[in-house]
Amino acid sequence: MIKAIILDFDGVIVNTDPFHFNSWKKVLRYYDIQIKFSQKDYNLIKGFSRSVSLNKIIQSHDLQGINSELKSKILQKKNNFFLQSIKYISKENLIPGVEEFIVNNKGIYKIGVASASANATFILDKIGMINLFDVVIDANITNKKKPNPEVYFKCCEKLDLSPKECVVFEDSLNGVYASKSGGFVTYGVGNTEIKDDVDFFITNFLDFKLNDINS
C-alpha cells in the first residue's frame, strides 16, 4: 500500500530551469569559454549535479585547458549566479497545481522531497513551503548523485517506509533511472522525453488526483 509521496524538486515542485540555464550561460561567458550554450545543451545536463554537468559540457564541446582549479571556480561562480538569480523567486515559479496537490494529500500520505539540488531546502523555505513536507533530502545530505537511488532511499529511511510504500514524481531521465532502480512506482511530470520510462505520466498537477493509486 502506498503511504508516501516523494517529489523531486527542480521541475516537479519549482520550475528552476530558466534560472539554471541562464546561470550556466552567464558563467561560461564570465570565464570566456567560447561556446554557444543552447537549450539543447541544457537538456543534456538537466537533473545532474553541477560538477557532472560541467564535465558533460566540457566533453560535448571538446573544451581544452580547463583544469581542476578552473573547474572549481566555474562551479562556485555558477552557483553564485544561480543564487543571485533566485533572489526574487516566488510561488509564481511553482509547477502548476503542485501546491494544491501537496496540501490536498497532506494528512493522507506522508510527503517528502528527494532532490539532487543543494538549494532545495533554501528555496522551499524562501517561498514559504518548507513546513508542508515531512522530510526534505537534498544534495547537502547525500553522497551519491542520481541516477544512484541513494537520495530516495534516505528519504524512505527518514519516512520510516520501504520503496514499495512510496510513489515518486520525477521530471528528468536521470531521476527516473534513480527512482526505478530503487524499486519505486514512478510518475513522470512534464517532460515528454521520459514518457516511455515511467509507470504513469502527467503534464502538471492541475486537476490531478492520486485517489486510485491503492486500488
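Okay, here's what the table says:
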read-out	value
Segment Lys164-Asn204, extension gain: residue separation times 0.36 nm, minus the distance between their alpha carbons	12.0 nm
Nitroxide proxy distance, nm - points 7 Å out along Cα→Cβ at Asn22 and Glu100	2.8 nm
Neighbourhood charge, 11 Å Cβ-Cβ cut-off, centred on Tyr109 and excluding it, Lys, Arg +1 and Asp, Glu -1	+1
Proximal aspartates and glutamates relative to Lys106, as straight alpha-carbon distance under 13 Å, when same-chain residues fewer than 8 apart are discounted	Asp134
From the C-alpha gyration tensor of the stretch 27-100, square roots of 5λ in Å	27, 15, 11
Share of pairwise Cα separations in the stretch 140-204, more than 18 Å, in percent	32 percent
Whichever aspartates and glutamates have a C-alpha closer than 15 Å to that of Lys40, once near sequence neighbours (fewer than 8 apart) are set aside	Asp17, Glu193
Computed over the stretch 77-177, Kirkwood Rh from alpha-carbon pairs, angstrom	14.6 Å
The stretch 74-198 - charge dipole about Cα centre, Lys and Arg +1 at Cβ, Asp and Glu -1, debye rounded to 20	420 debye
Positive minus negative residues near Lys126 (Lys, Arg vs Asp, Glu; Cβ under 11 Å)	+1
Kirkwood Rh in Å, taken over all unlike Cα pairs in the stretch 116-171	12.1 Å
Cα-centred dipole magnitude for the chain, charges only on beta-carbon of K, R (+1) and D, E (-1), debye, nearest 20	800 debye
Pairwise centroid distance, computed over Cα atoms, of the stretch 116-140 with the stretch 1-57, Å	17 Å
Share of carbon and sulfur in the accessible heavy-atom surface of the stretch 43-201 [1.4 Å probe, %]	47 percent
DSSP beta bridge pairing in the chain, given as percent antiparallel to the nearest 5	5 percent
Rounded Å value of the spacing that divides the Cα centres of the stretch 183-206 and the stretch 65-101	24 Å
Accessible area in square angstrom per residue, the chain, 1.4 angstrom probe	51 Å²
Sparse-neighbour loop sites [trypsin sites (Lys or Arg not before Pro); the stretch 1-76; at most 11 other C-beta within 10 Å; DSSP]	Lys36
Sum of side-chain charges, Asp196 neighbourhood, beta-carbon under 14 Å (Lys, Arg +1; Asp, Glu -1)	-2
Normalised per residue, the volume of the convex hull around the Cα set of the stretch 1-148 (Å³)	123 Å³
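The values are calculated or read from the model by the stated rules, or taken from the named source; none is laboratory data. This structure is a prediction, so every number in the text was calculated from the model and none was measured. All Cβ positions, glycine included, derive from the backbone under ideal geometry; neighbour counts span all protein chains shown. Remember, those area values only see protein heavy atoms, side chains included, never the ligands or the DNA or RNA. Shrake-Rupley method; radii C 1.70, N 1.55, O 1.52, S 1.80 Å.
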